[in-house]
1. Got a sec? Which of Phe121, Phe168 is away from the ligand (no atom under 16 Å from the Cβ) and crowded, with 17+ Cβ neighbours inside 10 Å?
2. State all residues of the stretch 139-165 that are more than 14 Å from the ligand (Cβ to nearest atom), surrounded by 13 or more Cβ atoms within 10 Å (Cβ to Cβ) and among the acidic types (Asp, Glu); if no residue qualifies, say none.
3. Looking at Asn212, Asn208 in this structure, which one is under 19 Å from Phe254 (Cα atoms), in contact with a Cys (Cβ under 9 Å, 6 or more places away or on another chain) and assigned by TED's automatic domain parsing to the domain that holds Leu278?
4. Can you tell me which residues in the stretch 210-228 are within 16 Å of the ligand (Cβ to nearest atom) and surrounded by 17 or more Cβ atoms within 10 Å (Cβ to Cβ)?
5. Does Ser218 satisfy the condition of being touching a helix residue (DSSP H, G or I) at 6+ places or on another chain (Cβ under 6 Å), more than 30 Å from Leu360 (Cα to Cα), in contact (Cβ under 8 Å) with a residue 12 or more places away in the chain and not assigned by TED's automatic domain parsing to the domain that holds Arg125?
6. For Val308, all conditions in the list (1) without any contact (Cβ under 8 Å) to a residue 12 or more places away in the chain; (2) touching a helix residue (DSSP H, G or I) at 6+ places or on another chain (Cβ under 7 Å) hold save one; what is the number of the exception?
7. For the structure I just gave you, tell me whether Glu207 is assigned to a strand (DSSP E or B) and within 11 Å of the ligand (Cβ to nearest atom).
Amino acid sequence: MILPDSILGVLGGGQLGRMFTVAARSMGYRVWVLDPDPGSPAGAIADRHLRAAYRDEAALTDMGENCAAITTEFENVPAETLQFLESRVPVRPASRAVAIARDRILEKTFIREQGLATAPFVAIRKEDDLADACQQLEMPALLKTAQLGYDGKGQLAVSNPDEARQGFQRLGATPCVLEERVQLELELSVILARSVTGETALFPVAENTHVNGILDTSCVPARVSNELAAQAERMARKLADAMQYCGVLAVEFFLTANGKLLINEMAPRPHNSGHYTLDACLNSQFEQQVRTLCGLPPGSTALLSPVVMVNILGDWWAEGTPPPWGQLFNHPQTKLHLYGKQQARVGRKMGHFNCLAAELDEAIHTAEQVRAELTTERTTKFSRGQST
Ligand code: AMP
């Protein structure tokens, strides 16, 4: 067991690293953040910010010698970096789990191997693979890069073999998956924490909406049957067990129009759709990350209140002017979280707010109101199947 006052390391200093740092420091740990960006949101509040590249051997050696354990906030840390650290200090989650989650081909193949459903897909390693793939799958389909895609980036819709070939070139002629576009009833996610000894705690299922491929809202509890929620939980647990996973794991699901639950992808870290846990659960996903990193059992994931989380994107800044935050503070059950990013850009995640209420409908109502007060251009739509 790694106990308070020890130094914990985190690779990556964005908002996830920042919220991990807040949780760890308030639990009495010290935190070192590795991130080359001098403006790193986590670096700004860490005990130490190592401004170095992820392959910088001197920085990694320093971390390996001083940190009691190391975690990551993103899956694209170079594999060699995780392996280098792993030979010196506990790294959780382990590099092999991160390697699976980082690559859509490995990830979807692994999910299938566990007997779990994904959208129909074919691995595209070279342009020639496309002709067969287009025959096998129903069009239109989505072509997604195997690596480095997130928030809808690195993917495009294609409706025939010609478009698929052009799309493959536009994406950089890099390995991809071609995946059928499924009719979505709604999107769900399950976040869990699994300890070194396999003890697992699952957070309540979240019901998510996306706009332009980016998460927009999460509603908890999800408006699905107990059976469906239990099925999602079983599937998430099965993946974590199969990887002998240690840490926080997020699993995203599609519920199709004909009632099938498919796994879309997983993330080997806390997830945007788990930010509701910061205010609505007994332990947040970041506290769970600290616990599992430190060899402690996961804490209770009890939901204290229905909640709606709304992402705040850079789009809400009008020519550099921030939204009128004062409006939000008039709502006593709404909590603001800003990530300390200096520059607002379209599509950039700047923060989020959580609305709590005795009933989910009331939380949704408040969330709509707060959003309307903070932004004039857009309105919230929380109804089912609203994902775009
Ligand atoms: P991804 O980056 O793969 O998580 O995709 C981002 C979002 O695009 C998802 O949350 C869905 O809203 C949508 N999407 C991705 N793949 C599919 C698919 N096969 N069928 C329908 N919608 C999809």
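1. Working: Phe121 fails: away from the ligand (no atom under 16 Å from the Cβ).
So the residue among Phe121, Phe168 that is away from the ligand (no atom under 16 Å from the Cβ) and crowded, with 17+ Cβ neighbours inside 10 Å is Phe168.
2. Across the stretch 139-165, the qualifying residue is only Glu163.
3. Working: Asn212 fails: in contact with a Cys (Cβ under 9 Å, 6 or more places away or on another chain).
Within the list Asn212, Asn208, the selection yields Asn208.
4. Quick first cut of the stretch 210-228, residues within 16 Å of the ligand (Cβ to nearest atom) only: 210-219, 222.
Result: His210, Val211, Ile214, Leu215, Asp216, Thr217, Ser218, Cys219, Ala222.
5. Values: touching a helix residue (DSSP H, G or I) at 6+ places or on another chain (Cβ under 6 Å): yes; more than 30 Å from Leu360 (Cα to Cα): no; in contact (Cβ under 8 Å) with a residue 12 or more places away in the chain: yes; not assigned by TED's automatic domain parsing to the domain that holds Arg125: yes.
For Ser218, the condition - touching a helix residue (DSSP H, G or I) at 6+ places or on another chain (Cβ under 6 Å), more than 30 Å from Leu360 (Cα to Cα), in contact (Cβ under 8 Å) with a residue 12 or more places away in the chain and not assigned by TED's automatic domain parsing to the domain that holds Arg125 - is not met.
6. Unmet condition: (1).
7. On the way: assigned to a strand (DSSP E or B): yes; within 11 Å of the ligand (Cβ to nearest atom): no.
Against the criterion (assigned to a strand (DSSP E or B) and within 11 Å of the ligand (Cβ to nearest atom)), Glu207 does not qualify.
Conditions (1) within 17 Å of the chain's Cα centre (by Cα); (2) farther than 24 Å from Gly149 by Cα; (3) assigned by TED's automatic domain parsing to the domain that holds Ala222, marked per residue:
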residue	(1), (2), (3)
Lys260	no, yes, yes
Ile263	yes, no, yes
Gln285	yes, no, yes
Arg291	no, yes, yes
Gly295	no, yes, yes
Thr301	no, yes, yes
Asn311	yes, no, yes
Gly314	no, no, yes
Leu336	no, yes, yes
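The values are calculated or read from the model by the stated rules, or taken from the named source; none is laboratory data. Model, not experiment: these values are computed from the prediction. Cβ sites come from the backbone with ideal geometry, for glycine too, and all protein chains shown count toward neighbours.
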